[in-house]
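Structure, as structure tokens:
The values are calculated or read from the model by the stated rules, or taken from the named source; none is laboratory data. Not measured: the values here are computed from a predicted model. Using ideal geometry, Cβ is built from the backbone for each residue, glycine included, and neighbour counts are taken over all protein chains shown.
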Amino acid sequence: MNNAVAAYLKDNHDRFLEALTSWLRIPSISMCEERTDDVRRAAAWAQQKLADIGFPLVEMIDTDGHPLVYAEWLDRPGQPTLLIYGHYDVQPVDPLEEWQSPPFEPTVRNGNLYARGAVDDKGQVMLVLAALEAWARAAGGLPVNVKILLEGEEEASGESIDAYVRSHAGRLRADASLICDTSMIGEKHPSLIVGLRGLLYTEITMQGARRDLHSGSFGGVAPNPIHALCLLISRLKGEDGVIRIPELAAAIPPPIEVEKRFWDTDPLELGDLLRREMGVDMLVGEAAFPPLERLGARPTLEVHGIRGGFTDSGAKTVIPALATAKVSMRLPAGVDPDDMFGWLKKAVRHYTPNGYRAEVNELAAGEGMVVSPDDPFIRVAVAALQAAYGVEPVFMREGGSLPAAALLNRVLQIPVLLMGFGLPDDVLYAPNERFSLAQFERDMFTVGDFLGRLRRQA
Ligand SMILES: [Zn+2]
């Protein structure tokens, strides 16, 4: 690590923490319409910060939703270009009464900074900004070319960045992208997320008779669509957890060897950790695959809710005419959500019991992504994490989706490095979100070191 950069980070640590605190005071909740001005203020804060660091080009880009902030500093010919993504919007804060200190009054307790956005994502963006400032001020400039794109809709629709990236792929061209918006699996185990699953979210409607019926008058001959829906669902995914859609089974790419070894051995006993976290006696799912593979690289099919018939208190003997179920699938990277929708519709036709009509509607879809652990940029991230933590990072696949990561990966055709520094109990979406100050302090060095390691030797 460059000594001058390291010294600058150390000397200015308190100032970086103060800067983060002032950013966290802005309640930039993108989902709340009445916070629109605050979201914009948080964008303006980032814009000013990037200008202060010395970025020669900084813009706030208006969109149909919340603004994007874009900056670039491209004075290192022959060096790689890194596109850094982050977001300045935050989750809502309900239930407010469960916060020990108000969500927009950042407070330090027990070595953690508590505030909405502390770790997701303002705190992690601040690490990157600190590292960039240190290079700019203490080392005479950035070691590589840098583009930064910050959005304000990550916790809302994300539509603006989607449209912008698609229409400005040339401007955003880069060799790799860095995103610090994920968590490590434990404070001693740095992690690189090398895969994200895609998503297909549908609603299945089952139709029986043309109107609701009385079970006394029609029971025994009337179709019951709630029952048919349950049969259909259990045929799509049986008791063994296996999804019975042959086209899907054939489309799942084979696992990458280094990942497969980690899944098979599970040296950190993450499967057991998950079991305890859920408070259950055993993990369910496909017995032929270890828990970590099921979690990151296998498809899922989940029912989120079933609606139909009578659910109020009391006894009403209706046989409903209609029933619906919300059914989603997490898809291994490489499985196209559009293809999946076609296969699911075909399977629903096949498995629907006789005497019923089923219809499948798509509500949402998104692609996954996978980056090879052998990618040269991943190797640089591995080296930086190993230097910072003294152990090799773990390659993980995240079950959830990070739309911007898949978007940049797909549209720009570049590896996306998901190098995040949150800790498992930072409670991103719940009250008392926090960021460990030890992580904040250490990982501005990690990112600074990573930037230096990206520089190609002449
Ligand atoms: Zn985030």
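How many residues are out of contact with any strand residue (DSSP E or B) (no Cβ under 8 Å at 6 or more places or on another chain) and farther than 23 Å from Asp425 by Cβ when one looks only at the range 99-135?
Adding up the residues that qualify gives 6.
Name the pairs: first residue in the range 389-402 and under 25 Å from Glu441 (Cα atoms) and of a type in the set (Val, Ile, Thr), second residue modelled with pLDDT of 90 or more and within 16 Å of the ligand (Cβ to nearest atom), Cβ to Cβ under 9 Å, at least 6 apart or on different chains?
From residues that are under 25 Å from Glu441 (Cα atoms) and of a type in the set (Val, Ile, Thr), the pairs are Val394/Met184; Val394/Ser191.
Within the range 96-119, track down each residue that is basic (Lys, Arg) and in a loop (DSSP other than H, G, I, E, B).
Across the range 96-119, the qualifying residue is only Arg116.
Mind counting the residues in the range 344-360 that are of a type in the set (A, V, I, L, M, F, W, C) and closer than 14 Å to Cys230 by Cα?
Residues that pass the stated criteria total 2.
Cβ-Cβ distance below 6 Å, separation of 6 or more or different chains: which pairs start in the range 137-159 with a residue that is under 16 Å from Leu74 (Cα atoms) and end on one that is of a type in the set (D, E, K, R) and buried (at least 19 other Cβ atoms within 10 Å of the Cβ)?
Lys147/Glu72
Working only within the range 79-88, note down all residues that are surrounded by fewer than 22 Cβ atoms within 10 Å (Cβ to Cβ) and either free of Cβ contacts under 8 Å to residues at least 40 places away in the same chain or part of a strand (DSSP E or B) (or both).
Thr81
Determine if the range 174-186 includes at least one residue that is under 30 Å from Gly271 (Cα atoms) and either more than 16 Å from the ligand (Cβ to nearest atom) or of a type in the set (Lys, Arg) (or both).
Scanning the range 174-186, I find at least one residue that is under 30 Å from Gly271 (Cα atoms) and either more than 16 Å from the ligand (Cβ to nearest atom) or of a type in the set (Lys, Arg) (or both), so the answer is yes.
Looking at (1) under 22 Å from Ala131 (Cα atoms); (2) over 16 Å from the mean Cα position of the chain (by Cα); (3) crowded, with 19+ Cβ neighbours inside 10 Å; (4) away from the ligand (no atom under 16 Å from the Cβ), which is the only condition Leu192 fails?
(2)
For the range 306-327, indicate whether the set of residues that are hydrophobic (A, V, I, L, M, F, W, C), at pLDDT 95 or above, surrounded by 20 or more Cβ atoms within 10 Å (Cβ to Cβ) and in contact with a Gly (Cβ under 6 Å, 6 or more places away or on another chain) is non-empty.
yes
Have a look at Asp38, Asp52 and point out the one that is among the acidic types (Asp, Glu) and in contact with a Ser or Thr (Cβ under 7 Å, 6 or more places away or on another chain).
Asp38
Out of (1) hydrophobic (A, V, I, L, M, F, W, C); (2) surrounded by fewer than 24 Cβ atoms within 10 Å (Cβ to Cβ); (3) more than 16 Å from the ligand (Cβ to nearest atom), the odd one out for Ala156 is which?
Against the list (1) hydrophobic (A, V, I, L, M, F, W, C); (2) surrounded by fewer than 24 Cβ atoms within 10 Å (Cβ to Cβ); (3) more than 16 Å from the ligand (Cβ to nearest atom), Ala156 comes up short only on (3).
Would you mind stating whether Met282 is crowded, with 19+ Cβ neighbours inside 10 Å and either touching a Pro at 6+ places or on another chain (Cβ under 9 Å) or assigned to a loop (DSSP other than H, G, I, E, B) (or both)?
Criteria not met by Met282.
Quick check on my filter: what residues within the range 149-174 are in contact with a helix residue (DSSP H, G or I) (Cβ under 8 Å, 6 or more places away or on another chain) and either part of a helix (DSSP H, G or I) or hydrophobic (A, V, I, L, M, F, W, C) (or both)?
Residues satisfying the conditions are Leu149, Leu150, Ile161, Asp162, Val165, Arg166, Ala169, Leu172.
Of the residues Val125, Val93, Val58, Val146, which single one is in contact with a helix residue (DSSP H, G or I) (Cβ under 8 Å, 6 or more places away or on another chain), within 29 Å of Glu159 (Cβ to Cβ) and within 16 Å of the ligand (Cβ to nearest atom)?
The unique qualifying residue is Val125.
Assuming Ala438 fulfils every condition listed in (1) crowded, with 23+ Cβ neighbours inside 10 Å; (2) more than 16 Å from the ligand (Cβ to nearest atom); (3) farther than 30 Å from Leu236 by Cβ apart from one, which condition is it?
It fails just one condition, (1).
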